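A.B. asks: The following block contains the structure, expressed as structure tokens.
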Amino acid sequence: MVTSSAPGKVYLFGEHAVVYGEPAVPCAIERRVHVTATEIDEGLRIHANDLQLDGFTVEYSGDGESHPDVDVAESLVEAGMGYVNEAVAQARDAADAPEAGFEISVEGDIPLGAGLGSSAALVVAAIDAATRELGVELSAIEIADRAYQVEHAVQDGQASRADTFCSAMGGAVRVEGDDCRRLEGIDTLPFVIGYDGGAGDTGALVAGVRDLRGKYDFAADTVTAIGDIVREGESVLGTGDHERLGELMDFNHGLLSALGVSSRTLDSMVWAARDADAHGAKLTGAGGGGCIVVLDETDDALTALKYTPGCEDVFRAELDTDGVRKE
Ligand SMILES: Nc1ncnc2c1ncn2[C@@H]1O[C@H](COP(=O)(O)OP(=O)(O)O)[C@@H](O)[C@H]1O
Ligand SMILES: C[C@@](O)(CCOP(=O)(O)O)CC(=O)O
Ligand SMILES: [Mg+2]
């Protein structure tokens with residue numbers, strides 16, 4: 001039995017535009033998904049108590065047999081389990097053990113579908129745990145690459161390498177197309193996260209931006225403008241000028257709103273943080289609902305968000321310089 005964990009992330013800059021080859025800077029945070037893999041005779045059994053489908057907690061057997069613990073449509077469960085299924089397929093492939101059976105348990109403190117990269121953390125940790133269980137040790141880079149293939153498959157052929165590379169490597173990273181690198185020397189950033197309790201459908205939101213970009217020049221220009229902000233932000237990142245970084249985050253949020261991926265509660269949390277004199281605030285991840293990320297070293301935005309209608313939870317998130325690891 002092997003347990004591995006991998007961190008979630010926030011986007012300092014660049015989500016969505018990164019899918020079209022613009023650069024992005026995601027940062028790993030100290031919230032993790034833990035995956036335990038145990039080799040069994042055959043098939044796949046998954047325990048994922050954090051995954052609620054219509055109020056049910058899922059216990060799923062991937063061998064096509066029924067799963068008596070849950071009374072929801074098989075297709076819903078299959079959709080929810082897609083990431084684990086594909087991650088296990090990658091592990092079998094890496095270990096050249098196509099028939100290997102697994103019992104997989106998933107636990108985490110990253111809200112699901114909220115823009116903090118729970119899917120990437122799950123996939124990265126699952127590939128690491130399952131390959132180690134089969135006696136194979138992959139490099140973090142190889143795990144990132146295989147995890148990207150999983151996100152690409154599950155998100156209907158639309159994904160960047162950003163989330164999975166960041167989760168595998170930890171720290172602040174820069175991703176532009178296939179060029180993925182860690183940004184050295186960035187050990188701390190004063191992140192505050194506001195969570196509206198909701199979620200967005202990553203695949204659907206990415207598809208929405210793709211359609212808008214195909215239809216309107218303004219949307220294509222907006223994607224390019226996000227890239228410009230990321231390039232500007234990178235040059236500021238090393239200087240520690242949080243005021244300027246925050247200003248660029250504000251611009252980035254405005255451009256994401258123009259692409260239609262913000263929401264009323266995300267906007268009101270962003271404004272509450274700005275009114276509390278945070279350096280800057282933006283949604284993180286696919287959007288639609290979920291989390292915003294705020295840059296603020298004081299407790300002012302944290303306190304303001306506690307009293308903001310629509311904000312269900314607010315917490316500080318330390319930058320996690322550790323990526324995937326065996327527990
Ligand atoms: N702890 C977990 N247990 C089971 N499934 C999980 C877990 N964490 C993430 N997932 C899977 O990842 C999906 C959320 O991924 P996604 O929509 O990309 O949002 P995000 O990556 O921002 O959290 C969930 O619907 C579920 O399928
Ligand atoms: C919107 C996108 O840029 C990030 C999605 O992040 P999350 O799954 O919402 O945490 C998609 C991608 O990069 O694959
Ligand atoms: Mg995701």
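Listed here are the residues, each with its yes/no results for (1) over 28 Å from Ala204 (Cα atoms); (2) open to solvent by less than 20 Å² (accessible area, probe 1.4 Å); (3) away from ligand 2 (no atom under 16 Å from the Cβ); (4) assigned to a helix (DSSP H, G or I).
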residue	(1), (2), (3), (4)
Gly227	no, yes, no, yes
Gly233	no, yes, no, yes
Val236	yes, yes, yes, yes
Thr239	yes, no, yes, no
Met249	no, yes, no, yes
Leu255	no, no, no, yes
Val261	no, yes, no, no
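A.B. asks: With (1) within 30 Å of Ala140 (Cα to Cα); (2) over 20 Å from the mean Cα position of the chain (by Cα) as the list, and Val230 as the residue in question, which single condition is left unmet?
C.D. replies: Looking at each condition in turn, Val230 falls short on (2).
A.B. asks: Just give me the residues in the range 167-223 being within 16 Å of ligand 3 (Cβ to nearest atom) and among the hydroxyl-bearing types (Ser, Thr, Tyr), in sequence order.
C.D. replies: Correct list: Ser167, Tyr195, Thr202.
A.B. asks: Do the conditions hold for Glu297, that is, is it surrounded by fewer than 18 Cβ atoms within 10 Å (Cβ to Cβ), more than 18 Å from the chain's Cα centre (by Cα) and in contact (Cβ under 8 Å) with a residue 24 or more places away in the chain?
C.D. replies: Working: surrounded by fewer than 18 Cβ atoms within 10 Å (Cβ to Cβ): yes; more than 18 Å from the chain's Cα centre (by Cα): yes; in contact (Cβ under 8 Å) with a residue 24 or more places away in the chain: yes.
Criteria met by Glu297.
A.B. asks: Let me ask something else about it. Can you give me the ranges of the strands (runs of 3 or more DSSP E) entirely in the range 118-209 with at least 2 residues that are of a type in the set (Val, Ile, Thr) and more than 20 Å from Tyr83 (Cα to Cα)?
C.D. replies: Those strands (runs of 3 or more DSSP E) span 173-176, 191-195.
A.B. asks: I'd like the full set of residues that are open to solvent by 10 Å² or more (accessible area, probe 1.4 Å) and away from ligand 2 (no atom under 13 Å from the Cβ), limited to the range 109-132.
C.D. replies: Those that are open to solvent by 10 Å² or more (accessible area, probe 1.4 Å) and away from ligand 2 (no atom under 13 Å from the Cβ): Asp109, Arg132.
A.B. asks: Restricting attention to the range 1-29, which residues are away from ligand 2 (no atom under 16 Å from the Cβ) and open to solvent by 10 Å² or more (accessible area, probe 1.4 Å)?
C.D. replies: The first filter runs over the range 1-29 and keeps only residues away from ligand 2 (no atom under 16 Å from the Cβ), leaving 1-5.
Hits for the range 1-29 are Met1, Val2, Thr3.
A.B. asks: Here's a follow-up. With Thr202, Thr188 as the choices, which residue is crowded, with 18+ Cβ neighbours inside 10 Å and not basic (Lys, Arg)? Explain how you work it out, then say what you get.
C.D. replies: On the way: Thr188 fails: crowded, with 18+ Cβ neighbours inside 10 Å.
One residue alone meets the criteria, Thr202.
A.B. asks: Tally up the residues in the range 279-292 that are within 15 Å of ligand 3 (Cβ to nearest atom) and either touching a Cys at 6+ places or on another chain (Cβ under 9 Å) or open to solvent by 10 Å² or more (accessible area, probe 1.4 Å) (or both), please. Give the derivation first.
C.D. replies: First pass over the range 279-292, keeping only residues within 15 Å of ligand 3 (Cβ to nearest atom): 283-291.
When the remaining residues are screened for being either touching a Cys at 6+ places or on another chain (Cβ under 9 Å) or open to solvent by 10 Å² or more (accessible area, probe 1.4 Å) (or both), the result is 283-286, 288.
Residues in the range 279-292 being within 15 Å of ligand 3 (Cβ to nearest atom) and either touching a Cys at 6+ places or on another chain (Cβ under 9 Å) or open to solvent by 10 Å² or more (accessible area, probe 1.4 Å) (or both): 5 in total.
A.B. asks: Look through Asp178, Asp201, Asp196, Asp211 and report the one residue that is out of contact with any Phe, Trp or Tyr (no Cβ under 7 Å at 6 or more places or on another chain), of a type outside the set (S, T, N, Q) and in the same structural domain as Ala6 (by TED's automatic domain parsing). Let's see the steps before the verdict.
C.D. replies: Values: Asp201 fails: in the same structural domain as Ala6 (by TED's automatic domain parsing); Asp196 fails: in the same structural domain as Ala6 (by TED's automatic domain parsing); Asp211 fails: in the same structural domain as Ala6 (by TED's automatic domain parsing).
Every option except Asp178 fails the conditions.
A.B. asks: Moving on. For the range 277-327, which positions are assigned to a loop (DSSP other than H, G, I, E, B) and aromatic (Phe, Trp, Tyr)?
C.D. replies: Kept after step one, since they are assigned to a loop (DSSP other than H, G, I, E, B), are these residues of the range 277-327: 277-279, 284-290, 296-299, 307-312, 318, 320-324, 327.
Hit for the range 277-327 is Tyr307, nothing else.
A.B. asks: Any idea which residue in the range 5-55 is farthest from ligand 3 (Cβ to nearest atom), counting only those that are more than 30 Å from Val294 (Cβ to Cβ) and not in a strand (DSSP E or B)?
C.D. replies: Only one residue fits best here, namely Asp41.
The values are calculated or read from the model by the stated rules, or taken from the named source; none is laboratory data. Quick caveat, the model's predicted, so the values are computed rather than measured. As a convention, Cβ positions derive from the backbone with ideal geometry for all residues, glycine included, and neighbour counts pool all protein chains shown. When the accessible area is computed, the model is the full protein with side chains, heavy atoms only, and any ligands, DNA or RNA have been set aside. Shrake-Rupley method; radii C 1.70, N 1.55, O 1.52, S 1.80 Å.
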